[in-house]
Amino acid sequence: MYLRSLIKISSNFKYGLLAVITTLVVFTGAVWFPNIKLIGQIFTTESISFVDTLVFLWSLYGSVATNFTGISLTYTILISLLFGVQVMLLTHYVSRVRVKNNDNIKIGKIGATSLGGLIAGTFGIGCAACGTFILTSTLTLFGATGVLAYLPFGGEEFGFLGVALLLYANYLILEKINEPLVCKV
């Protein structure tokens, strides 16, 4: 039932396109974020042409092979896909309820779970050499970088948590979509 709803919604061009664009934006952010200082330098250098800048940005996708372990690449792709699906489902649900009920929509639990999944997944993004990029930087501020050594997967648990939260958020929104738009008796 849920898979049938997911396929039906994603076959609608505007919702499918929204999911693809969101997925690409999230994945691009995950790939580019570890290189944010370098990207900033490229954009502020006047001697580099616009075409060379675009070629450089495209070449950063090649860093996936060296900057990510197999596990971190897998959950980064899953997080990107699941977040794209979440945005698509949430947009569909909100537009459906607004058209039928024409009133305010409460998406607190679903929205919070989705946001929590994206944040947890973002903390898990990292490279093969230095581990989780954002989490290590954050813990360094508090002098607690050694905490990652006590985690069994060195911080990749946050990526797993992100996937789990996004799966749960997608389940919740699919459950809402499949409910009839009338009050339960």
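Compared with the direct C-alpha span, the chain from TYR168 to LEU17 gains 52.1 nm at full extension, assuming 0.36 nm per residue. You can think of it this way: the chain between GLN41 and GLU175 has 43.6 nm of extra reach, that is 0.36 nm per residue less the Cα-Cα gap.
Sorting the segments 82-92, 63-73 by their residues' average number of neighbouring beta-carbon atoms within 10 angstrom, most packed first, yields 82-92, 63-73. Cβ-Cβ distance of SER63 and TYR2, R₀ of 30 Å, FRET efficiency by 1/(1 + (r/R0)^6): the value works out to about 0.25. The Cα center of the stretch 1-36 and the Cα center of the stretch 66-86 differ in position by 12 Å. With the simple model of a label 7 Å out from the Cα in the direction of the Cβ, PHE50 to ARG96 spans 4.2 nm.
Values quoted throughout were computed directly from the atomic coordinates according to the rules given, and no laboratory measurement underlies them. Fair warning: this is a prediction, and the values are worked out from it, not measured in the lab. Glycine gets a Cβ as well: all are built from the backbone with ideal geometry, and neighbour counts include every protein chain shown.
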